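No lab work stands behind these numbers, since they all come straight from the coordinates. Computed from a predicted model, the values in this text were never measured in an experiment. Every residue, glycine among them, receives a Cβ derived from its backbone with ideal geometry; neighbour counts consider all protein chains shown.
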Amino acid sequence: MTKPRMTYQAIELTPPEPKKIPTPKQAMLLLNEPYDSFGQKKSAQLKKGDPVKTGQKLTLFENSDAYVVSSVTGTVSAVSPFFGDFGRSYAAISVDVAENEEMDEQFSAFVKEPTLETVRNWLAFIPGNFPSIILSPDQLSTPIDTIVICGVDRDLLITANQHSVVKESNAIKRGVQILRQATGIDNIIMASHEHLMQDAALSGAEVRVVDPVYPASLPHLIMRDLLGRVVPAGKSCEDLGVAFVGAEAVASLGKAFNEGRIPVYKRFNVIKKDGTSTLVSARVGTPVRDIFSTFDITVNEKDRIVFGGPMTGTSIYSENHPIQPDTDAIMIQDHKDLALVSDYPCINCGDCIPICPAKIQVNMLVRFLEVVKYQEAADEYDLYSCIECGLCSFVCVSRIPILQYIKLAKCELGRISTVEETNV
Amino acid sequence: MFEQKKFTVSHAPFWHNGSSVSARSYNIILAALPAVLFGFFTYGMPAVSVVALSVSSAVAWELAYNKISKRSLSIGDGNAAMIGLLFAMLLPATSPWWLVVTGTFVAVIVGKQIYGGIGGNPFNPVLVGLAIVTLSWKDFFDFNEVLVNYDFSYPMAYPLASLKHFGVFAISDFKPAALLMGQQSGGIGAIFGLGLILGGIYLIIRGCIRWEISVSFLSGIWVTALLFNMADPAKYAGPAFHLLTGYTLIGAFYLATEDSSSPVNFIPMLIYGAFAGIMTILIRNIGAYVDGVVFAILIANLINPLVDKIRPKALGKVV
């Protein structure tokens, strides 16, 4: 009877310009590759004191394609390991920012030829959610045949993609052309909220409407509701040949080719302690500390800082954490307002059943997960059907961290199967 | 580096709708209060003492078990107090103290704690307690006998007993409106139909109970009673009488809806509720007992794990 109904933040049709965050004194760029300062993978290509220009491509290891694009001009001050959640590790390149900005012009030579090669070599790090899967199609068993541009935002209180749809329709249009040309994929669909239909149609992609109620904009539900294709449990959208790109990334792509420079400003929402959300624009690599000081937000011990939205984000442990190209939002919660989890057992109240968009028997699933029976959970209670929207934890009367249990179970089962495969 | 502030790091989601186990228990207690206060008003101090003893002994048993089993204290969640209150609501006001204390022992310890505590019990703890004491000391549950000293302006014969022993003509004195307003004999908190219905509606709106169970339970009673009544109006009472007497209304909104022992899927909830309703009337009309609610719900608890297997296909499930 009291099933909560949470709607996405709807952007106004003439939104104000996002607030600009000043260039930081130090920026940190995260390269998606583990870094071990003592081991053999010691940096070969970059060392302390190296000068970098804005828009310059930085690689770290000789025999690796991974790179980042510097968002500032200055000198490298450190290269260090950096750890994310679920055991992911990165190499963090810190840059001390110089006073005068210099632009790196190497990319402008490639503007004439928008090939996949160019995009892969220069634009994998552009602001917005740009999946690498589109760039390396030869690694896939099923080729990508459809690209869905998310003109909607993944989580509540976020408007970054919607802002691009409204304000950057020309750049998106160019980006769509480039995507078509570079990938050879004709079937490009724009997923948008109804009130932005007209702006979305300017992109030249086919527009389809996403329901404004959370979690309709999650990829699995867009697949089901907009494309009429249900992703089998345990498979990803890419397995069915569908890739998802954020509208902001498509706009960045268009801008890169229009201007001959790689964009370095990322738009994201700052969600303050009182729950209000403001769209801002900052250079990739800006530490969150700078964003909080721009907004005069006091950060105290035991507060919670979240990258991403309230339902699907990730909490972080340091104010030095940098803005990344796919950071949609930064949320700060006061320690007095935190909804904490508990170790209470499931009381079988059934609130999670009607709210689950994947129709999982969460009450039974959590009983298996609590006692580490992950395989049984997957076999009998649809662990792999979960699309990780977090609504079950949101309504849980016992405040069980259900989503965390689910992600942990998937992670552990994934590790077991990897070990089994390598043993065979 | 070590002078850094320490932040709270946890997993998504970072919002919660604010519900909690204790709020749920206290809401149920709150919703039951009109019926309980009406019982106090009707039966006076004996009713107050039964309710007070029942709630306090239930909490005491839970506390004792927490201590003995060396587990964290769970009396703060209000569940034990709720069990004690609901148990007292089913008792006659003249119940002796040892009956109350024994009943709450069975309800809290045998009915709930030995299954692992809240959420683990396969049967409704209140009904386990009540079933044991009813079967053990059935004279104390003969409402005509134990409430003989109460004399009001309305008939004080226990309606269901009159129906069982004397047939339909004996219940012509009971008017539905009077029954609804609590002018009948019965358990302390089970007689005030209007209060129970309002409390039930409150719980449904607050999301503390599942409306599907209450509605299907009442529909099961209504349809079955109607069928019996149509078959032989001289022998079987009509549906309105069955809905407003005995433990029907407290069963529909407070007992059948107990979280742990009832299903959570839509169709299973309908089957479960309707099954309990049908069983209630079968026991009342052709069974040995005067009221069938207690055993009907316990039997429905028994089929709960099986019926709750009827579930929708999960997203992307490959059969």
Rough spin-label spacing in nm, given labels placed 7 Å along Cα→Cβ, for B:ALA52 and A:GLN45: 8.1 nm
Taking a straight Cα-to-Cα line shorter than 21 Å from A:LYS20, and setting aside same-chain lysines fewer than 8 residues away, one finds A:LYS53, A:LYS167, A:LYS255, A:LYS266, A:LYS272, A:LYS273
Kindly point out, ordered by number, any Cys in the protein assembly as shown whose beta-carbon has no other cysteine beta-carbon under 4.7 Å away. A:CYS150, A:CYS237, A:CYS346, A:CYS349, A:CYS356, A:CYS386, A:CYS389, A:CYS396, A:CYS411, B:CYS208
Cα centroids of segment A:48-64 and segment B:108-133: how far apart, whole angstrom? 67 Å
Rounded to the nearest 10, the angle in degrees between the Cα long axis of helix A:402-423 and the longest principal axis of the Cα atoms of chain A comes to 70 degrees
Take the Cα radius of gyration of chain B and divide it by 2.2 N^0.38 Å, with N its residue count; two decimals is plenty. 1.07
So for chain A, using the alpha carbon gyration tensor with a ≥ b ≥ c as root eigenvalues (a/c under 1.5 gives rounded; past that, a/b versus b/c decides prolate or oblate), I'd call it rounded
Based on the Cα coordinates of segment A:265-337, what is the per residue volume of their convex hull in Å³? 79 Å³
Averaged over residues of B:21-32, the number of beta carbons from other chains lying within 10 Å of each residue's Cβ is 1
Mean residue ellipticity (222 nm) of chain A, computed from DSSP H runs ≥ 4 via -39,500 (n - 2.57), nearest 500: -7500 deg cm²/dmol
Pick from A:ILE271, A:ILE133, A:ILE178 the residue whose mean-square fluctuation is largest in a GNM of chain A, springs joining Cα atoms under 10 Å. A:ILE133
Which residue fluctuates the most in chain B, going by a Gaussian network model with Cα springs under 10 Å, if the choices are B:ARG71, B:ARG24, B:ARG210? B:ARG71
Size of electric dipole in chain B: Cβ of Lys, Arg +1 and of Asp, Glu -1, about Cα centre, debye, nearest 20: 1040 debye
Set of segment B:90-123 residues, backbone N closer than 20 Å to the point 7 Å along the Cα-Cβ line of A:GLU376: B:114-123
Let me know the shape class of segment A:108-259, please: from the alpha-carbon gyration tensor, a ≥ b ≥ c as square roots of the eigenvalues, rounded when a/c is under 1.5, otherwise prolate if a/b is greater than b/c, or oblate. oblate
Taking only Cα atoms of the protein assembly as shown, what ratio of Rg to Rh do you get with Rh as the Kirkwood inverse-distance radius? 1.10
At q = 0.20, 0.29 Å⁻¹, work out log10 I(q)/I(0) for segment A:97-161 with the Debye formula, treating every Cα as an identical point scatterer and leaving solvent out; two decimals please. -1.00, -1.26
Tell me the angle of helix B:45-68 to the major Cα principal axis of chain B, expressed in degrees between 0 and 90 and rounded to the nearest ten. 30 degrees
The Cα extents of segment B:21-140 along the principal axes, largest first and rounded to whole Å, are 40, 32, 22
Report, in whole Å, the centroid distance computed from the Cα atoms of segment A:229-261 and segment B:150-167. 74 Å
May I have the count of lysine pairs in chain B with C-alpha atoms under 24 Å apart, counting pairs 8 or more residues apart or located on different chains? 9
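Report D for segment B:11-73 in µm² per second (integer): Stokes-Einstein, Kirkwood Rh on Cα pairs, 20 °C, 1.002 mPa s. Mind showing how you got there, number by number?
On the way: Rh = 14.6 Å.
Using the Kirkwood radius from Cα pairs, D works out to 147 µm²/s.
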GNM, chain A, Cα, under 10 Å: largest mean-square fluctuation among A:ALA329, A:ALA339, A:ALA409? A:ALA339
Measuring from centroid to centroid over Cα atoms, what is the spacing of segment B:268-319 and segment A:174-196 in Å? 53 Å
Between B:ASP173 and A:CYS411, what FRET efficiency comes out of the Förster formula 1/(1 + (r/R0)^6) with R0 = 51 Å and r the beta carbon distance, rounded to 0.05? 0.15
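Give the average, rounded to an integer, of partner chain Cβ atoms located within 10 angstrom of each Cβ in A:339-346.
Other-chain Cβ atoms within 10 Å of each residue's Cβ, averaged: 5.
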Cα-based Rg (one decimal) and Dmax (whole number) for segment A:24-100, in Å? 12.0, 39
To test your reading of the geometry: what angle, between 0 and 90 degrees and rounded to tens, separates the Cα axis of helix B:21-43 from the longest principal axis of chain B? 20 degrees
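Beyond 15 Å, how much of the Cα-Cα pair distribution for segment A:352-423 remains, as a whole percent?
When every Cα pair of segment A:352-423 is considered, 49 percent fall beyond 15 Å.
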